[in-house]
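The values are calculated or read from the model by the stated rules, or taken from the named source; none is laboratory data. In this text the structure is predicted, and so the values were computed from the model without any measurement. When we count neighbours, we look across all protein chains shown, and the Cβ atoms used for this are built from the backbone with ideal geometry, even at glycine. Just the protein is used for accessible areas: all its heavy atoms, side chains included, with ligands, DNA and RNA removed. Shrake-Rupley method; radii C 1.70, N 1.55, O 1.52, S 1.80 Å.
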Amino acid sequence: MSPDSAAATRARAESAAATPTLEEQQHLIARLDDKIIRLIRQRNVECAQLEQVRQSLGQPRVELSWENSMLQRYRNELGAQGTDFGLLLLKMSRT
């Protein structure tokens with residue numbers, strides 16, 4: 001085997017070893033989903049506390065300008081579907 005073909009064989013083997021298997025990739029995504037779920041639950045708790053603070057200050061439970069800026073941020077970062085995702089988060093956080 002020539003040095004060039006041996007190097008090419010090693011490169012292919014290293015590339016294959018670095019590529020995750022289907023199961024590894026699914027496991028990685030499942031771990032990310034777990035983190036996202038935990039963060040959404042935490043966000044819901046924090047939103048409920050924010051609503052309580054607003055009400056204790058005699059303010060409306062919801063501040064539309066704040067929510068609109070949040071939706072804009074999601075749209076800027078995630079595209080048009082980011083707005084849909086932001087709206088879903090708002091709906092989920094309503095107490």
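To put it simply, the accessible area of the chain at a 1.4 Å probe is 57 percent carbon and sulfur.
Potential lengthening of the chain between residue 14 and residue 75 amounts to 18.1 nm, from the contour at 0.36 nm per residue minus the alpha-carbon distance. For the chain, the per residue solvent-accessible surface stands at 79 Å², with DNA, RNA and ligands left out and a 1.4 Å probe.
From the coordinates of this entry, Cα Rg over 2.2 N^0.38 Å is computed, and it appears in (i) 1.28; (ii) 1.87; (iii) 0.98 under the label (ii). What you get for the chain, charging only the Cβ of Lys and Arg (+1) and of Asp and Glu (-1), is a dipole of about 340 debye around the Cα centre. Inter-label distance, residue 29 to residue 68: 3.7 nm, where each label sits 7 Å from its Cα along the C-beta direction.
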